[in-house]
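Structure, as structure tokens:
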Amino acid sequence: MYSTKRNIVIALMVAMFLGAVEGTVVTTAIPTIVKDLQGFEIISLVFSVYLLTSAISTPIYGKLSDLYGRKNILSIGIIVFLVGSFLCGLSQTMNMLIGFRAIQGLGAGAIFTVTYTIVGDVFTLEERPKVQGLIGTVWGIASLAGPFLGGILIDMLSWHWIFFINIPFGILSVVLIQRNLKETIKKKKHNIDFAGIITLSIAMIIFLNIFLSTENASFNHNIFIAISVMITIILLIVFYKIERKAKEPIIPFDIFTKTSTIVNLISFLASAILIGSNVYLPIYLQNILGFNAKVSGLALAPMSVAWLIASVILGKCIVKYGAKAVILISNVILLISTILLPTLDINSSLILVLVYVFIMGFGFGGAFTTLTIIVQESVEYNKRGAATATNSLLRTLGQTIGVSVFGSMFNLYIIKYFVQLDIKGVDPSNLYNSSAYNAAVTSEQIKLSLNSSLHVLFIIFIIISILSLILSIVMPKIVEKDKKEHSENMLTGSQDII
């Protein structure tokens, strides 16, 4: 049994690595790809379309895994991802690449969701924190290995191979899952909620497009945002009514208890801080402290190490002290780490940054691991996929909305900094060329403007952390009875297919 579980962990880690590394490896290769395929003006779509399709497919895969079993749905998702990867490698134009990246994203939606659902099915409450910590650490490994792997493949072969390299690893993951994951499935006919799937997908596309749009703020853009929000609200109301009448809703609304709702909100807020730190700490290291990209990438490694340590240590505390206590501890640690961030300045040492990143990683590791477990504990076995998928969707929304809002605030306060110095006309997107046409803009002022703007973001991180802590305080304590019922469901391992 031990070897079977070990093989399942390997399969899930390989699958998660495929989805996680794709973002970083493509980032490294994109200058070469654009040079070869042209289309610099649509470069952002290579990333945004992947994020969009993975987000909208997340709840779909979650529900399908409840109906048809985790093993087959995850395998299908990985195969879709591999097909998308293969087609991306064959792309001859930028538009082809963007279209095939959308297919990749559709497969990634299963990887990001069903893997965590399988952990909840196969492993005991004592084992899950460690396993989820290992899977979470994969993201850190991917962020470090992605640029390195991408550089080697481009130098030795071509950019096409950053996509082709996924295929053998994806096949390995599918084989391990099919051989080692045992499911007892009672086959019955299904009533697929197509109306709900279509309505929710359109709503998510319209809503996420607000944050993925690269257009600058203007009157027309504000109208676009207002209309998009209105349409999204209308579609969500329609979706709610559809789900209430559906025999097998894609998102059963009875999964939204007070506990799970608060957990999803905490996940949303913590994900915003996570993406903010992953995006802007490297900017601090490179553009303010002057380190190269390699050092700034390695500087985030302590976060992954602390993430795994926290998953193991705090995971043991779940059984002894309860999940709420662990969430509180994790949020306190996360708040402490964000309070420390504003102490960084233009002369701070790299060691200090590493310490802060480690503390932050400890908070993230304890929080995300426990939040996933709480979501899975709060529902029955046959709704665990939908519940986990909903939590994953909220995390994606937190990252998407967070990085958009942070980016706007960052640019706004760069402009404000120079306006206070009576220097106008500075473009944050072309900051380092500003000194070429404006002698008043020096490299030192650019560094100070970045530092000033980053500190505004750090304050926002603190505010978000406080909100997250407050939510963890008001979160109801998990009833022991629910844990027992969940354990019994987990041991039976059966699924009813209607």
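The values are calculated or read from the model by the stated rules, or taken from the named source; none is laboratory data. In this text, all values refer to a predicted model and were calculated from it rather than measured experimentally. Glycine also receives a Cβ, built like all others from the backbone with ideal geometry; neighbour counts cover every protein chain displayed. Only protein heavy atoms, including side chains, enter the accessible area calculation; ligands, DNA and RNA are left aside. Shrake-Rupley method; radii C 1.70, N 1.55, O 1.52, S 1.80 Å.
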Scope the range 298-344; condition surrounded by 16 or more Cβ atoms within 10 Å (Cβ to Cβ) and polar (S, T, N, Q); matching residues: S304, S311, S330, N331, S337, T338
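If you take the residues of the range 424-461 that are more than 23 Å from G402 (Cβ to Cβ) and open to solvent by less than 40 Å² (accessible area, probe 1.4 Å), which of them is modelled with the highest pLDDT? First the steps, then the outcome.
Looking only at the range 424-461, we keep the residues that are more than 23 Å from G402 (Cβ to Cβ), and these are 424-427, 430, 432-448.
Checking the rest, the ones that are also open to solvent by less than 40 Å² (accessible area, probe 1.4 Å) come to 426, 434, 438, 441, 446.
Values: V426: 67, S434: 52, N438: 57, V441: 64, I446: 78.
Per the stated criteria, the residue is I446.
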Top-ranked residue of the range 76-120 - restricted to ones that are assigned to a helix (DSSP H, G or I), open to solvent by 20 Å² or more (accessible area, probe 1.4 Å) and of a type outside the set (A, V, I, L, M, F, W, C), ranked as farthest from V379 (Cα to Cα): N95
Candidates F410, F418 - the one that is of a type outside the set (S, T, Y), modelled with pLDDT of 80 or more and part of a helix (DSSP H, G or I): F410
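Please specify each residue of the range 63-77 satisfying the condition of being touching a residue at least 24 places away in the same chain (Cβ under 8 Å) and of a type outside the set (D, E, K, R).
To start, the set of residues in the range 63-77 that are touching a residue at least 24 places away in the same chain (Cβ under 8 Å) comprises 63-71, 73-77.
Scanning the range 63-77 gives L64, S65, L67, Y68, G69, I73, L74, S75, I76, G77.
Take the range 67-91 and flag every residue that is of a type in the set (A, V, I, L, M) and within 11 Å of L181 (Cβ to Cβ).
Once the filter is applied, which keeps residues that are of a type in the set (A, V, I, L, M) and within 11 Å of L181 (Cβ to Cβ), the range 67-91 yields only L74.
To keep it simple, each residue is scored yes or no on (1) buried (at least 20 other Cβ atoms within 10 Å of the Cβ); (2) in contact (Cβ under 8 Å) with a residue 60 or more places away in the chain; (3) among the hydroxyl-bearing types (S, T, Y); (4) in a helix (DSSP H, G or I).
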residue: S228; (1), (2), (3), (4): no, no, yes, yes
residue: I234; (1), (2), (3), (4): no, no, no, yes
residue: F239; (1), (2), (3), (4): yes, no, no, yes
residue: E248; (1), (2), (3), (4): no, yes, no, no
residue: L269; (1), (2), (3), (4): yes, yes, no, yes
residue: Y284; (1), (2), (3), (4): yes, yes, yes, yes
residue: S296; (1), (2), (3), (4): no, no, yes, yes
Checking S494 against (1) out of contact with any Leu (no Cβ under 8 Å at 6 or more places or on another chain); (2) surrounded by fewer than 18 Cβ atoms within 10 Å (Cβ to Cβ); (3) modelled with pLDDT of 85 or more, the condition it does not meet: (3)
Close pairs (9 angstrom Cβ cut-off, 6 or more residues apart or separate chains): under 24 Å from A272 (Cα atoms) in the range 406-424, open to solvent by 70 Å² or more (accessible area, probe 1.4 Å) anywhere: S408/A217; N411/S429; I415/K424
Test: residue in the range 104-123 that is touching a Cys at 6+ places or on another chain (Cβ under 7 Å) and in contact (Cβ under 8 Å) with a residue 12 or more places away in the chain: yes
